Amino acid sequence: MIHRILGTLASAASQPSDERQPTPAVRLDGVTHEYGATGGRLRAGEQRTVTALRDVSIDVQPGETIGLEGPSGSGKSTILHAVAGLLVPTSGSVELIGTDLTPLSTRKRTHVRRQHVGIVFQHFHLLPSLSARANVALPLVQTGVPKRARRKRATELLTQVGLGDRTTHLPSELSGGERQRVAIARALATDPTVVIADEPTGELDTATGNAVLDLLTDVGRERAVLLASHDESTLAVADRVITLRDGQVVADGH
Amino acid sequence: MSLRYPVVRTRAVIGLAFAHLRRSPGRTVLAVLAVSLSVLAVTLLASLGAGVVEVGETGLDNANRDIWISSDPVDPSASGTENPIADSHGTAAELTARDDVSSAAPLAMHEVYIGTEPDDLERTSAVGVQETHDGFDFQSGHGFDRVEPPSDGERPTEPQTAEIVLDPQVADAVGASVGDTVYIGTSRETAPDYEFTVVGTASYYSQFLGTPAVTVPLPDLQVVAGTTGTDRATFITADAAAGSDPAAVRDDLAAEYPDYEVRTSDEQVEAMVADRPLVLASGTTLVGLAVIGGVVLTTNLFALMVTQQRRELAALRAIGLSRHVLAGMIAVQGLVIGLLGGIVGIVATPPLTHALNRLAHELVGFENLLQTPPEVYLVGFALAVGVGTVVAGITGWRVGRTLKLQHLEL
């Protein structure tokens, strides 16, 4: 089944774009998502929910960098989670290279995410006990790539992000900007179709943040990138910026 | 299907687990200590249970008798306050006359008061036997020779030899040594009437009873206790004749003496232990609590360990690692901590057992009260490794299902 899904994904990605409308790397169609509310006193049988997304539809083409802006709670992170298959929306569909993720099991969504989605976290989430190279190689563990090949691939990626001389350093021995570059290298380990980044410069100073954005811009030349941020300078690198308010798209423009 | 992927993944999982353990050496050491405490709780309590049975068996083995005849209940802790076998010398003579029995002798136990001064007496246990032997391992002096049982119709009114062997602790307590005279009686009032000469010190029957005991010739003890007329004893012990099967002799004697309980040495130990439901229940409860406590402690430990790692685990899950890998990673951590905790617990068991045995000897007179057979070590080690790995694996599997996106603090 997994092979069939991956086959579908691969064939969808290889369809010639000059004959038909190109398949978006990511498509959200009428996505609504409600979280169960916690806290407060509920009556028996009563269920309180918070609507995070309301009928959101977005297409992201390969090679396109999309910026998501909006205040806290506007739904930016929920969109990223839905694209990564980390949550299944209450209604609507989330397609990754033409395949709807919403009917897939958790295991299959994990498999698709592993192969096609790279994630860059605001807080890096590097394993402190592992070297930069081992952190970058982590996503390849699950795919059964031998250790030597993992190390080679990780070293190449670290060199690409300018950390070729830091491969054996622990995260605690790296600056914030270097850690985020390691995180970006890790996101690229499986050569994903889509990269999502949630506040990638949120913990960095301006100069370091700009360097990271330059790197993400390079990444976005070959991939679809979804970038969530409050920061206008971060969003400036996006090809399109989608503005969200209360879970709804209120603006979508260049 | 190629084995390469599972092998590669397994090696990576082991590497990740060790990296986690190395990350917080203090936490790892504490976890190992907690598991070793669980192991120690189990091994020491189980050693106590095994030791109680072993001490009883050793006591009976030291008596070197094949058959034990009694009239239940027999409770050595009460030190033979009941001596239900009447005409014990007559019965022993009947047994000795049989072809399948080489010898038989009665044994009685009483609580007595003893001291070097009539008005300064200590309460202790007394065992009445026909003779002492080399197995007594005398610390000083010697024993007493065989005292012939009274012939029919004759009942002594005075001690025949008036010789006594003191337990070393009793000797210290009353301030007596070999050659001294001590007063002995079953009450403070009668003690001044009987003067015995200390001929040796040995703890032979103290081991049997688990409390300091003095040893005197049985006819003399019967005189002191006032049971000469009925010739009462707690046990009659017998040896099967050469070539006779003790079990077959037991069956014959049981048929011939239906009023008495006839047991082999091993059966007698079991009966004495089984006659103590409170002790058995307490021992079982303690061992059960130790095991349950060990499991609960280990479970909490690994749950806490996983909780502390939940952000990292959530990140690993987000970047595509499967629940199998996460569960395997935690299980390997559990296995390593269980192995180390098990080894520490097992290594610490002998010295702690030795220390507790010394304490028990000082307090209650038992030597080697805690004894640790290999099975106890195995159980303790299996608990550490098995429970550690299983609990950690289950916890890791569950955490793979329950990881929240909020753990990533996106």
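Structure notes:
- Averaged over residues, the count of other Cβ atoms within 10 Å places the peptides B:379-388, A:182-191 in the sequence A:182-191, B:379-388, highest first.
- Extension gain from residue B:361 to residue B:300, taking 0.36 nm per residue of separation minus the Cα-Cα distance: 18.3 nm
- Sequence-distant aspartates and glutamates (8 or more away, or on other chains) whose Cα lies within less than 14 Å of residue A:108: A:95, A:100
- Heavy atoms of residue B:291 accessible to a 1.4 Å probe, total area in Å² rounded to 10: 50 Å²
- Relative contact order, percent, the range A:75-137 [alpha-carbon distance under 8 Å, six or more residues apart]: 22 percent
- Segment residue B:197-residue B:289, extension gain: residue separation times 0.36 nm, minus the distance between their alpha carbons: 28.2 nm
- Label sites at residue A:217 and residue B:187, each approximated as a point 7 angstrom past Cα along Cα to Cβ, lie 11.1 nm apart.
- With viscosity 0.890 mPa s and temperature 25 °C, the Kirkwood radius over alpha carbon pairs of chain B converts through Stokes-Einstein to a diffusion coefficient of 97 µm²/s.
- Candidate aspartates and glutamates for bridging to residue A:147, where Cα separation is under 18 Å - those fewer than 8 sequence places away on the same chain excluded: A:156, A:191
- Shape analysis of the protein assembly as shown based on the Cα gyration tensor places the equivalent ellipsoid semi-axes at 86, 23, 22 Å, largest first.
- Rounded to the nearest 5, the antiparallel percentage of DSSP beta bridges internal to the range A:135-254 is 50%.
- Average beta-carbon neighbours from other chains, 10 Å sphere, peptide A:83-93: 1
- Proximal aspartates and glutamates to residue A:76, defined as alpha-carbon separation beneath 16 angstrom and excluding residues fewer than eight positions away on the same chain: A:29, A:34, A:55, A:59, A:198, A:199, A:231, A:232, A:246, A:252, B:409
- Rounded to 10°, Cα long-axis angle of helix B:4-23 versus longest principal axis of chain B: 70 degrees
- The residue B:116 and residue B:142 beta-carbon pair, evaluated with R₀ = 35 Å, returns a calculated FRET efficiency of approximately 0.95.
- Accessible area per residue for the range B:73-258 is 41 Å², calculated with a 1.4 Å probe on protein heavy atoms, without ligands, DNA or RNA.
- Cα→Cβ-extended label distance, 7 Å offset, between residue B:133 and residue A:248, nm: 10.2 nm
- Whole-number percent relative contact order across chain B, with pairs defined as alpha carbons under 8 Å at least 6 apart: 27 percent
- Shape call, the range A:139-238: gyration tensor on alpha carbons, a/c limit 1.5: oblate
- The range B:73-258 - share of DSSP beta bridges that are antiparallel (%, nearest 5): 75 percent
- Nonpolar atom fraction for chain A, defined as the carbon and sulfur part of the 1.4 Å probe accessible area, stands at 46 percent.
- DSSP beta bridge pairing in the protein assembly as shown, given as percent antiparallel to the nearest 5: 65 percent
- Percent of Cα pairs in chain A per distance bin of 5 Å, from zero to the largest separation: 1, 6, 13, 16, 18, 16, 13, 9, 4, 2, 1, 0, 0.
- Estimated buried accessible area (total), pair B and A, 1.4 Å, Å² to nearest 100: 2500 Å²
- For the range B:96-217, averaging the sequence separation of C-alpha pairs within contact (under 8 Å, six or more residues apart) and dividing by the residue count gives a relative contact order of 33 percent.
- Angle between chain B longest axis and helix B:323-364 axis [Cα atoms, degrees, rounded to 10]: 20 degrees
- Each Cα pair of the range B:73-258 feeds into the Kirkwood radius, which the Stokes-Einstein equation turns, at 4 °C and 1.567 mPa s, into a diffusion coefficient of 77 µm²/s.
- Just the protein heavy atoms count here, and of the accessible area of chain B at 1.4 Å, carbon and sulfur take up 57 percent.
- Rounded to whole numbers, the Karplus 3J(HN,Hα) couplings from phi for the range B:304-312 are 5, 4, 5, 4, 5, 9, 5, 5, 5 Hz, using 6.51 cos²θ - 1.76 cosθ + 1.60 with θ = phi - 60°, and x at Gly and Pro.
The values are calculated or read from the model by the stated rules, or taken from the named source; none is laboratory data. Remember, it's a predicted structure, so these values are computed and weren't measured experimentally. Heads up, the Cβs are rebuilt from the backbone with ideal geometry, glycines too, and the neighbour counts pull from every protein chain shown. Surface accessibility is based on the protein's heavy atoms, side chains included, excluding ligands, DNA and RNA. Shrake-Rupley method; radii C 1.70, N 1.55, O 1.52, S 1.80 Å.
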